[in-house]
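So the structure is just underneath, and the comments pick up after that.
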Amino acid sequence: MSTFSTLGISDDLIKGINECGIITPSEIQLRAIPFLIEKGTDFIGQAQTGTGKTAAFGLPILQKIDAKKPYIQALILCPTRELGQQIAKQLFKFTKYADKIFVEAVYGGTNLDLQIAALRRPTHIVVATPGRLIDLLERKAIDLSHVKTIVLDEADEMLSMGFKPDIDTILSQTNGTRHTWLFSATISDEIKDIIDTYMSSNPETVTVDKAEKVNKNIEHQFVECESRDKLDMLFHFLKSQGKNRGIIFCKTKINAQTLAKQLYSKNYTAEALHGDLMQSERDKVMRAFKNTKLQLLVATDMAARGIDVDNLSFVIHYQLPEQIEYYTHRSGRTARAGNTGISICFVEKKELNRLNEIERTLGIAFKKIK
């Protein structure tokens, strides 16, 4: 059986990841790490949220960094500040017993001058959201001339959030000086355009097979109910879960706000997360959820991008997602780090064909719950 040692990871880094509870390599780690350490040239990894992608690209990057050179050697782009903070935190934990490697996370919604000041310190790796990185480049406050590796993490999410022009700018400015490692749950036409434009003609590609795209530790369920009965069915499910925590997905901010109020009226600690929240309000909700002060988060697809919270027992699709790949992103919020979880859809009779389409496309099977 392969271990991180046989994959080529140093003992110092292994000690750090073991303390994070990462003991056995996941499939994406098994298939990506040896190539990224030995060659490190252009790479495409297709695997869903929650399969260990951060370690898959993070460990090879950390191993390649020359800690004696105090400049930026790797850049990691991600869709949201929450994911950026999470990646930076994980890399910091991985290096607990290794050479001191400095990681800086930069993102919107916080003071730009403070981030510029932080970048004046020795920095080896920058984790950035595309918009904030463009701000820094325009101010000539960041030097990417020594960057050898750029990671596009959750590439499909970045593009669906409208970051394609920013990514084009960043990749065109660093062309010829770096390798690109692209990680994504799905490969859309826009992603193919990035691959064709900015990556080598034959990048190493790892696709986690169809049966693995959605985590095997997730049990996929559905409840068929009329629209008028949906709320009562939701309360019935939540009662069966006791104090377990999870995320409930809605299509629109109005739906999310309304449902959060309905849950609160039934004494559930719940808050809505949607695109109209100010950054300070969003941070407050996320802090409460991460600190377990909230049992439930009611979120829209766009607002939930990049959320990484441990020990969530379930994901509820109160309304089916607009796009099938959103189901992958939603369900990937549970059953993380080897745990099990439930992904349950509340569907009307007219939506059963849509459920069958999700099954066929993702290679999963839904269990009907009475």
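The values are calculated or read from the model by the stated rules, or taken from the named source; none is laboratory data. Given the structure is predicted, the values throughout are model-derived calculations rather than measurements. All Cβ positions, even for glycine, are placed from backbone atoms using ideal geometry, and neighbour counts span all protein chains on display.
Entry remark, region 127-153: residues being touching a residue at least 40 places away in the same chain (Cβ under 8 Å), more than 19 Å from THR41 (Cα to Cα) and crowded, with 16+ Cβ neighbours inside 10 Å number 6 in total.
Give the residue that is modelled with the lowest pLDDT, with candidates limited to residues of region 350-370 that are of a type in the set (Lys, Arg) and farther than 19 Å from ILE316 by Cβ. For region 350-370, the residue satisfying everything is ARG360.
The strands (runs of 3 or more DSSP E) located wholly in region 152-232 that include 3 or more residues which are under 21 Å from the mean Cα position of the chain (by Cα) and within 30 Å of GLN262 (Cα to Cα) occupy 218-224.
What residue, among those in region 240-285 that are assigned to a helix (DSSP H, G or I) and β-branched (Val, Ile, Thr), is farthest from THR300 (Cα to Cα)? Per the criteria, the residue is VAL285. Within region 275-301, residues that are closer than 25 Å to LEU238 by Cα have Cβ atoms under 7 Å from residues that are of a type in the set (A, V, I, L, M, F, W, C) and surrounded by fewer than 15 Cβ atoms within 10 Å (Cβ to Cβ) in these pairs: LEU294/ALA288, counting only partners at least 6 apart in sequence or on another chain.
The number of residues in region 106-116 being among the polar types (S, T, N, Q) and either in contact with a Leu (Cβ under 7 Å, 6 or more places away or on another chain) or part of a helix (DSSP H, G or I) (or both) comes to 1. Of the residues that make up region 304-318, is at least one within 26 Å of GLN85 (Cα to Cα), at pLDDT 95 or above, surrounded by fewer than 19 Cβ atoms within 10 Å (Cβ to Cβ) and over 15 Å from the mean Cα position of the chain (by Cα)? Looking for residues that are within 26 Å of GLN85 (Cα to Cα), at pLDDT 95 or above, surrounded by fewer than 19 Cβ atoms within 10 Å (Cβ to Cβ) and over 15 Å from the mean Cα position of the chain (by Cα), one finds at least one in region 304-318, hence yes.
Of all residues in region 327-361, those satisfying the criterion of being more than 19 Å from VAL223 (Cβ to Cβ), in a helix (DSSP H, G or I) and touching a residue at least 60 places away in the same chain (Cβ under 8 Å) are THR328, HIS329. If the condition is being β-branched (Val, Ile, Thr) and at pLDDT below 95, then region 218-237 contributes only ILE218. Of all the listed residues (LYS69, LYS53), the sole one being over 15 Å from THR6 (Cα atoms), in contact (Cβ under 8 Å) with a residue 60 or more places away in the chain and surrounded by fewer than 20 Cβ atoms within 10 Å (Cβ to Cβ) is LYS69.
Restricting to region 100-126, give me the number of residues that are free of Cβ contacts under 8 Å to residues at least 60 places away in the same chain and either under 22 Å from ILE14 (Cβ atoms) or not assigned by TED's automatic domain parsing to the domain that holds TRP181 (or both). Matching residues across region 100-126 total 5.
A quick yes/no check of all residues on (1) in the same structural domain as GLU154 (by TED's automatic domain parsing); (2) of a type outside the set (A, V, I, L, M); (3) under 30 Å from ASN111 (Cβ atoms):
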residue: SER280; (1), (2), (3): no, yes, yes
residue: ALA303; (1), (2), (3): no, no, yes
residue: ASN311; (1), (2), (3): no, yes, no
residue: TYR326; (1), (2), (3): no, yes, no
residue: SER331; (1), (2), (3): no, yes, no
residue: ASN339; (1), (2), (3): no, yes, no
residue: GLU348; (1), (2), (3): no, yes, no
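If I go through region 117-143 residue by residue, how many of them are closer than 21 Å to PHE163 by Cβ and either acidic (Asp, Glu) or not in a loop (DSSP other than H, G, I, E, B) (or both)? Residues in region 117-143 being closer than 21 Å to PHE163 by Cβ and either acidic (Asp, Glu) or not in a loop (DSSP other than H, G, I, E, B) (or both): 14 in total. Is it the case that ALA117 is surrounded by fewer than 19 Cβ atoms within 10 Å (Cβ to Cβ), modelled with pLDDT of 95 or more and not β-branched (Val, Ile, Thr)? Here the answer is yes, as ALA117 does meet what is asked.
The condition of being at pLDDT 95 or above, outside the structural domain of THR95 (by TED's automatic domain parsing) and either in a helix (DSSP H, G or I) or in contact with a Ser or Thr (Cβ under 9 Å, 6 or more places away or on another chain) (or both) holds for PHE4.
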